[in-house]
Amino acid sequence: MNPPDYEYLRKLLKDQSGLDLSADKQYLIESRLLPLSRKCGVTGIDDLVQKMKGGSSSIVAQVVEAMTTNETFFFRDKIPFEHFRDSIMPEMLKARAARRSIRIWCAAGSTGQEPYSLAMCLKEMGASLARWRIDIIATDLSQEVLEKSKSGIYSQFEVQRGHPIQLLVKYFKQNGELWQINPDIRAMVQHRQLNLLHDFSQLGAFDVIFCRNVLIYFDQETKISIFGRLAKAMEPDGFLVLGAAETVVGLTDVFKPFPDKRGLYRPSGPRATTAQAAMAMPKIAAMAGR
Ligand SMILES: C[S@@+](CC[C@H](N)C(=O)[O-])C[C@H]1O[C@@H](n2cnc3c(N)ncnc32)[C@H](O)[C@@H]1O
């Protein structure tokens, strides 16, 4: 790939999805986009770039999707789901006893293993959730992964990764070499395409946000902006759950970590209004050394 095409793709991906590629990731682009160029019937990445420069929005969307990393598995990292079951939900059940509703957002839900793991945790809680309304909203930039998530169909390999066998038997039906999650679990998750770079205030306020293993692909400025907007999208006593390699520490003070619960954060103050959040941004940017 020639250097100008690489620079063009780097900038495009940063603008469209937040993906922050260092100068030496040509191999990654080649491994993801050569198959796509064949699928699109063009001879290589340079042709793909020409089509993008020529204004093909469909190719741009396919390139952005092809460059997303969708790695996920059921009950990934285990501990966040233990926090969810043992700390987050018991506290939320007390705090929301008057309204009996809880809103949960999986902000980069990929192919569904994360939101469905949460749904299974809730199902396991049984009678304690009777007459409660629990919404799980799974969003992702990629339409392709959302389609798979909606289908709830997984390979043998996918259901075996991290999935306790008793939950597999209880909540899935086997169909040949594939497994489909049961309709009642599927119905607990709503799906929407959403780019975290864009405004998400229309989703409303959440009690719990899982935003795991997506911010690692973004630069500091993008992370800070997303944290600021996540804080606005969260009830003051809500919980933010990040991935094992992600943290707010050193980036922003809109969330504070739980000292004894890795990966778990809480908003630092009352829910910021749009105007307050806008005023806070330069301060946060300054903290990041910009
Ligand atoms: C590595 S997966 C993480 C899935 C799941 N949260 C987990 O931890 O197992 C990252 C997901 O983030 C999505 N993604 C990447 N950029 C995004 C963006 N700008 N907005 C929303 N989702 C994005 C990708 O499509 C991908 O499905």
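Assorted remarks:
- The one condition in (1) assigned to a helix (DSSP H, G or I); (2) at pLDDT 95 or above; (3) basic (Lys, Arg) that LYS283 fails to fulfil: (2)
- Residue match in the stretch 71-83 (condition: under 20 Å from VAL241 (Cα atoms), open to solvent by 30 Å² or more (accessible area, probe 1.4 Å) and without any contact (Cβ under 8 Å) to a residue 24 or more places away in the chain): yes
- Among the candidates GLU65, GLU91, residue that is near the ligand (Cβ under 9 Å from one of its atoms) and not in a loop (DSSP other than H, G, I, E, B): GLU65
- As a summary of the residue check, ALA97 satisfies the conditions (1) open to solvent by 40 Å² or more (accessible area, probe 1.4 Å); (2) in contact with a strand residue (DSSP E or B) (Cβ under 9 Å, 6 or more places away or on another chain); (3) away from the ligand (no atom under 13 Å from the Cβ) except for the one numbered (2).
- Selected residue (criterion: least open to solvent (accessible area, probe 1.4 Å)) from residues of the stretch 100-152 that are within 16 Å of the ligand (Cβ to nearest atom) and basic (Lys, Arg): LYS148
- Annotation for the stretch 34-46: no member residue is closer than 30 Å to LEU168 by Cβ, surrounded by fewer than 16 Cβ atoms within 10 Å (Cβ to Cβ) and among the basic types (Lys, Arg).
- Only one of the listed residues (PHE227, PHE239, PHE172) is more than 12 Å from the ligand (Cβ to nearest atom), buried (at least 19 other Cβ atoms within 10 Å of the Cβ), over 30 Å from ARG266 (Cβ atoms) and not polar (S, T, N, Q). That residue is PHE172.
- Enumeration of residues in the stretch 59-69 that are of a type outside the set (A, V, I, L, M) and either without any contact (Cβ under 8 Å) to a residue 24 or more places away in the chain or crowded, with 16+ Cβ neighbours inside 10 Å (or both): GLN62, GLU65, THR68
- Taken over the stretch 184-203, the residue count meeting the criterion of being in a helix (DSSP H, G or I) and of a type outside the set (A, V, I, L, M) is 4.
- Residue in the stretch 162-176 that is among the basic types (Lys, Arg) and under 13 Å from ALA107 (Cα atoms) present: no
Conditions (1) open to solvent by 20 Å² or more (accessible area, probe 1.4 Å); (2) without any contact (Cβ under 8 Å) to a residue 24 or more places away in the chain; (3) away from the ligand (no atom under 11 Å from the Cβ); (4) farther than 30 Å from ALA95 by Cα, marked per residue:
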residue	(1), (2), (3), (4)
LEU178	yes, no, yes, yes
PRO183	yes, yes, yes, no
GLN190	yes, no, yes, no
LEU196	no, no, no, no
PHE206	no, no, yes, no
TYR217	yes, no, no, yes
GLU221	yes, no, yes, yes
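- Inspection of the stretch 47-58 finds no residue satisfying the criterion of being aliphatic (A, V, I, L, M), within 16 Å of the ligand (Cβ to nearest atom) and within 23 Å of ASP140 (Cβ to Cβ).
The values are calculated or read from the model by the stated rules, or taken from the named source; none is laboratory data. Keep in mind that this is a model prediction, so the values were computed, not measured. Backbone-built Cβ (ideal geometry, glycine too); neighbour counts: all protein chains shown. Just the protein is used for accessible areas: all its heavy atoms, side chains included, with ligands, DNA and RNA removed. Shrake-Rupley method; radii C 1.70, N 1.55, O 1.52, S 1.80 Å.
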